[in-house]
1. Determine how large the accessible area of Ser260 is when every protein chain is in place; take a 1.4 Å probe and give Å² rounded to the nearest 10.
2. Heavy atoms of the protein only, probe of 1.4 Å, neighbouring chains included. What is the accessible area of Phe16 in Å², nearest 10?
3. If I stretch the segment between Gln182 and Leu213 completely, what's the gain in nm (0.36 nm per residue apart, minus their alpha carbon distance), one decimal?
4. Set the Förster radius R0 to 25 Å, insert the Cβ-Cβ distance between Glu490 and Leu262 as r into 1/(1 + (r/R0)^6), and round the FRET efficiency to 0.05.
5. Tell me the relative contact order for region 297-450 as a rounded percent, counting alpha carbon contacts under 8 Å between residues six or more apart.
6. Considering only Val357, Ala339, Phe317, whose Cα is most displaced toward the positive end of the charge dipole of region 295-401, charges sitting on Cβ of Lys, Arg (+1) and Asp, Glu (-1)?
7. Please work out the average accessible area per residue across the chain, using the 1.4 Å probe convention, and give it in Å².
8. Tally up the carbon and sulfur contribution to the accessible surface of the chain as a whole percent, 1.4 Å probe, everything protein left in place.
Amino acid sequence: METLFEVVVFLAIATFGAALARRLGLLAPILLVVLGLGLSYLPFFPVVRLDPNLVLVGILPPLLYVAALETSVPAFRLNLRPILLLAVGLVLFTAFVVGTVVHLLMPDVPYAICLALGAVVAPPDAVAATAVARKVGLPRRIVTILEGESLVNDATALVLLRVAIAAAGAAGGTVGFGYVAQEVVVATGGGVLVGLLGVLVFGFLHQRTRDPLLDNALSLIVPFAVVFAAEEIHASGVVAVVVTGLGIGHRMPLLMSAASRLQIGAFWRLARFLLEGLVFLLVGLQLPEVLRDLDEPIGRLVGITAAVLLAVFLTRFVWLFPATYLARLVPRVRRRDPAPPVQVPLVIGWAGMRGVVTLAAALALPLTLAGDRPYPRALFIWLAFAVIVATLVVQGATLPAVARRLKLPADDPVQDALTAAAVQQQASRAARERLDALADSVPATVAERARQVLENRTNLAWERLGGAARETPSQAYGRLRQEMIDAEREVFRVARDAGRIPEEVLVRAYRDLDLEESLLRREADE
């Protein structure tokens with residue numbers, strides 16, 4: 001009962017923090033981390049010991065799954081080269097640089113466990129990247145690259161972490177090439193296979209399910225089922241969840257009914273909001289636990305921490321510029337994808353926030369090395385925590401200002417509206433042909449009503465090209481219809497209160513009016 005009470009309290013604080021961040025115009029992840037740091041010093045506040053398995057198996061899979069569901073597979077495929085350069089190349093580069101720096105500063109510590117620390121701090125966090133990038137309003141392609149990187153890089157880091165820990169625990173501190181190759185093949189290849197199997201199995205179940213509630217429940221089960229299946233064969237659960245999410249999301253229009261898609265979208269928005277808030281709050285609350293066993297001299301602690309932070313920060317930029325521009329020396333790459341302005345790698349380099357996966361991986365470091373040999377585990381956990389807080393608070397807080405200062409070329413809303421209107425024109429033509437073919441099977445008034453709805457939708461698409469300088473006919477209709485809906489709601493409420501209609505009638509009427517109002521608001525926001 002006490003644990004349940006604490007969870008409710010944490011969720012309430014996370015919700016309050018997110019609401020306060022919106023009111024102050026701040027990024028919620030940053031405010032929640034700072035709030036957690038402050039609360040951790042209150043004597044009456046419960047001490048939180050984060051279980052790494054809870055994060056890696058309980059929190060990360062649903063967050064990765066919903067991010068993959070919303071990721072465009074064509075855009076992901078189009079940007080596969082930069083995504084893999086960041087998610088695989090940069091993670092390995094960062095891990096080896098950080099591992100080397102730490103080993104140079106602490107030569108008595110085996111290189112293998114230093115490399116494990118490098119793997120811990122190497123991957124930018126999926127939750128932080130998605131939450132911050134979308135809030136800042138970065139160009140669409142940059143958001144796609146950052147999201148794609150954050151979907152895949154955890155798998156690279158966790159595989160490298162597993163190999164490095166095995167090497168640290170082995171006699172002599174080394175493992176053979178065969179073991180490394182086996183780990184990579186099993187983790188990556190096995191994860192892809194499990195993910196594809198998840199697409200087939202759960203795609204089939206979604207296609208056969210017509211009840212939105214059952215579809216919703218099934219969607220909640222998917223990430224956990226895929227992760228457990230992958231872990232059972234020692235494959236990468238991260239890769240499996242991402243592959244399943246990409247496949248299900250790409251085929252969602254063919255697998256689910258409209259009601260299921262609407263309900264699943266609403267459910268995952270709420271789940272992501274609560275989990276993201278809880279994750280960042282928990283990161284801040286770990287400070288007492290991180291400091292508990294730390295006994296390094298303050299001068300040595302500051303020096304090592306500064307060196308690791310500098311290595312994490314610089315490696316991203318050192319990797320990004322050659323990875324961005326050297327590839328364009330190949331004519332085929334240059335023709336297909338011209339070199340971006342220098343602002344693009346700069347802002348991607350600045351968006352390297354770490355998060356809860358880094359902390360969970362640090363907490364999963366072994367207690368001792370081969371032969372029960374000790375190593376500064378508490379210091380390593382502190383270094384991981386310092387990287388999280390520094391990148392989130394410093395880079396995350398300044399990312400909006402950096403993006404504005406760099407004056408990134410924004411996505412052209414006119415071009416987006418023009419493309420949408422052109423496709424809507426084609427869709428309207430197809431709908432009109434279907435209507436003409438079926439018009440004789442319905443009353444003339446019904447066919448005319450359908451034609452009017454189709455014409456209104458087509459007009460709305462073209463009206464968006466006119467900008468917001470004046471009120472369009474659709475906006476005027478929305479304003480007028482909103483007033484009418486409010487009047488209808490009041491009549492139903494008064495009738496219910498007077499006992500003239502039962503509660504069930506009110507609920508049905510409100511549901512229809514709420515759906516119409518939601519559509520009006522969506523059209524007004526676009």
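The values are calculated or read from the model by the stated rules, or taken from the named source; none is laboratory data. Not measured: the values here are computed from a predicted model. Methodologically, a virtual Cβ is constructed for each residue, glycine included, from the backbone with ideal geometry; neighbour enumeration extends over all protein chains shown. Just the protein is used for accessible areas: all its heavy atoms, side chains included, with ligands, DNA and RNA removed. Shrake-Rupley method; radii C 1.70, N 1.55, O 1.52, S 1.80 Å.
1. Per-residue accessible area (Ser260): approximately 0 Å².
2. Counting only protein heavy atoms, the figure is 120 Å².
3. Taking Gln182 through Leu213 to full extension adds about 7.0 nm, to one decimal.
4. Working: r = 26 Å, r/R0 = 1.04.
Computed FRET efficiency for Glu490 and Leu262 comes out at 0.45.
5. Across region 297-450, relative contact order equals 23 percent.
6. Ala339
7. Numbers: 26720 Å² over 526 residues.
Value returned for the chain: 51 Å² of accessible area per residue.
8. 66
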